[in-house]
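None of the figures in this text is laboratory data; all of them are computed from the coordinates on show. Small disclaimer: the values here were computed from a predicted structure and weren't measured. As a convention, Cβ positions derive from the backbone with ideal geometry for all residues, glycine included, and neighbour counts pool all protein chains shown.
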Amino acid sequence: MTIYKKVVLILTSMVVTLLLAFLLIQKLVIFPTFESLEQQYAKADIDRVEEVILDTIKQLDRQLHDLSSWDDTYNFIEHVNQDFIDSNLEPDTFANLHINLVYFLDTEFQPVWAQTYNFDLDDTDEVKISTNDDDVRQSIFLLKKQLVKLNSLSDDEPKVIRGLFFQNGNPISFSMRPIFNNDEDKMSRGYMILGRTLNQYMVDKFSEQLKKKFKIEVIAKNPLSMSDFSINKYNIDVLSKDMLTITKSYLEDDIPVFKISTEFKRVITKSGQKSLEYALLSLLGIGVFMILLITLLLKNSVFVLLTNLTQQMQGITQSKNYTLRATINSEDEIGILSSEFNNMLTVIESNNNELISANDQIKQANAELETLSLTDPLTQIANRLALDRKLRMEWVALYRTQSPLAIIMIDIDYFKLFNDHYGHLEGDNCLLNIANILTQNTKRPRDLVARFGGEEFTLVLPDTNIQDAVQIAKHIHNDIANSELKHQCSKVSEFVTVSIGIAGVIPSGTSSVGELMEMADKALYVAKQNGRNRIEINELLNP
Ligand SMILES: Nc1nc2c(ncn2[C@@H]2O[C@H](COP(=O)(O)OP(=O)(O)OP(=O)(O)O)[C@@H](O)[C@H]2O)c(=O)[nH]1
């Protein structure tokens, strides 16, 4: 995988990890915070509803407080005079004040005067008065517990009990106070109770006031009354992404008696979620933009330089031209790498030059050795090894073209006597003179003069027939005679003479170099036998 792909992969992994981390933080931290905030607001909402209900109870109590502390009320409970009723308890008064229940009780909690006004009263209804004894008795039964509580309050405590009781499925707010004579001994002569039904009309009125719809529901099967609302609990039901229900239940003896509930729009979570979605999309966009930007910047500042350097390195490796150098386009690590590569090339070039020079020297030495191994050190003409090689080579070539090959064997006559008489050094000199005469008589580039051994020489004459070879031999004979090299001890002349044997052949599959040499040697032997200083031809091999 290329570095470019690796960088893209790493950056993409980073962005994905970042997005996943963001999602995780959103789920584990941000959303729970939104939910907790939302619940706090929902609780505050339901508490406002509770406050309105408590306010209506307090308002009811203020009206009761006025009535119960009047002397007229005290007189009324003592004498039950109709005048008091007529002048103070007009039905319209209660209708205007939205009071649905007025009870006067004696100290035994027995009704002295009791009246209810239609519980479902609203502004348009006509006031309906009921003095149904059963309703009154049931109310007093339901409120008995509170009456006992009121009766047992100490002198330090405010003489009032307020709360809710539940009759015919309706929650009714109430307030009860003892009836005192202000002038005398503060002894109670009875009790006065005011009640206000929290029917749908009232709930709608409060909802309008709060700008919030809510419901009051009775939970317990046969609930009596409640004056303490401090024991309660909240319950939140998430209805959907947009809405939740908050309920506040009021308990007595651990049993839920009634509850207030309202719906709450999940604006915080919803708008928070939307913001987070925008943030996530922005993050994604920024991430993709950063990947593109970084890879683009890296591509121009790093990858292109690396690719160029790699191509230059490949070119140098393939061409083996170590004089070339990489171009340095930057001063960063890639520039340093290029520079170090060039330094390495300088070392390689120097080593290579040394190797080439050493190789040339070795080749030269080998060539010299080759020449030495094929040259006779005394006469500087070809030696026996060179002769053998030449013969094998020409044999193959002439076999292919079916051309004649002739050889001339030359042997100095009575050379032992020459050495004995003139000394070895003069002998060497004589050999050198003969070699020079032979060389002068071999004019074609393919001809070869070789020292066969001792005082014996051989001429290889490719593409030459016997007649031509004889002509050359005759020239040699004449040149040696004309050179008049003194040989006092020779038995055939006063000068150095040679015996010559000639053989020739067109190379074929049935003949060989060895046979040709043997035939020339035989011709030479015949020349020696026939008196020396002569030329003999081996006619059997005459091509
Ligand atoms: N000076 C000198 N003499 C050599 C060299 N190589 C061989 N000889 C001598 O050549 C002589 C050859 O003698 P032989 O083989 O008896 O032949 P020859 O005396 O020439 O007699 P024929 O060949 O029969 O005429 C020997 O005395 C060798 O020592 C050399 O390199 N230098």
Checklist outcome for this item: For the range 187-327, the dipole about the Cα centre with charges only on Cβ (Lys and Arg +1, Asp and Glu -1), to the nearest 20 debye, works out at 480
Checklist entry - In the range 18-174, with Lys and Arg counted as +1 and Asp and Glu as -1 at Cβ, which of these residues, LEU18, LEU105, HIS65, has the Cα nearest the positive end of the dipole, that is, farthest along it? => result LEU18
Item to check | Extension gain from GLU50 to LYS265, taking 0.36 nm per residue of separation minus the Cα-Cα distance | outcome: 75.5 nm
Checklist entry - How much length is gained if the chain between ASP428 and THR307 is pulled fully straight, taking 0.36 nm per residue apart and subtracting their Cα-Cα distance, in nm to one decimal? => result 36.3 nm
Next on the checklist: Suppose R0 equals 56 Å. What FRET efficiency, 1/(1 + (r/R0)^6) with r the Cβ-Cβ distance, do ASP463 and THR346 give to the nearest 0.05?
Outcome noted: 0.50
Checklist outcome for this item: Surrounding charge for ASN235, neighbours by C-beta under 11 angstrom, Lys/Arg +1, Asp/Glu -1, total +3
Checklist entry - Counting pairs of alpha carbon atoms under 8 Å apart in space and at least six apart in sequence, what relative contact order in percent does the chain give? => result 10
Checklist entry - Under a point-charge model restricted to the Cβ atoms of Lys and Arg (+1) and Asp and Glu (-1), what is the dipole moment magnitude of the range 410-543 relative to its Cα centre, in debye to the nearest 20? => result 140
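Summing +1 for each Lys or Arg and -1 for each Asp or Glu, what net charge is found among the other residues whose Cβ lies under 12 Å from the Cβ of ILE216?
+1
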Item to check | Ranked list, fewest to most other Cβ atoms within 10 Å of each Cβ, for CYS430, CYS489 | outcome: CYS489, CYS430
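Given the rule -39500 (n - 2.57) for each run of at least 4 DSSP H residues, summed and divided by the residues of the chain, what is its mean residue ellipticity at 222 nm, to the nearest 500 deg cm²/dmol?
Result for the chain, helices only: -17500 deg cm²/dmol.
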Item to check | Cut-off 16 Å (backbone N to label point 7 Å along Cα→Cβ of SER275), residues of the range 31-64 | outcome: 31-39, 41
Item to check | Overall Cα dimensions of the chain - principal axes, largest extent first, Å | outcome: 203, 47, 37
Checklist entry - Using 1/(1 + (r/R0)^6) with R0 = 56 angstrom and r between the beta carbons of SER154 and LYS211, what's the FRET efficiency to the nearest 0.05? => result 0.85
Next on the checklist: At most 12 other C-beta atoms within 10 Å and a DSSP loop state: those are the exposed trypsin sites (Lys or Arg not before Pro) I care about. Give me the longest piece of the chain that has none.
Outcome noted: 1-185
Checklist entry - Spin-label point model (7 Å from Cα, Cβ direction): what's the SER483 to LYS299 distance in nm? => result 8.6
Next on the checklist: Give me the net charge for the shell around GLN110: Cβ to Cβ below 14 angstrom, other residues only, Lys and Arg +1, Asp and Glu -1.
Outcome noted: 0
Item to check | Separation in nanometres of the label points that stand 7 Å from Cα toward Cβ, at ALA397 and GLU333 | outcome: 6.5
Checklist entry - Roughly how many debye, to the nearest 20, is the charge dipole of the chain about its Cα centre, given +1 on each Lys and Arg Cβ, -1 on each Asp and Glu Cβ, and no other charges? => result 3180
Checklist entry - Got a sec? Charge dipole of the chain, +1 on Cβ for Lys and Arg, -1 for Asp and Glu; which of LEU244, PHE76, GLY423 is way out at the positive end? => result GLY423
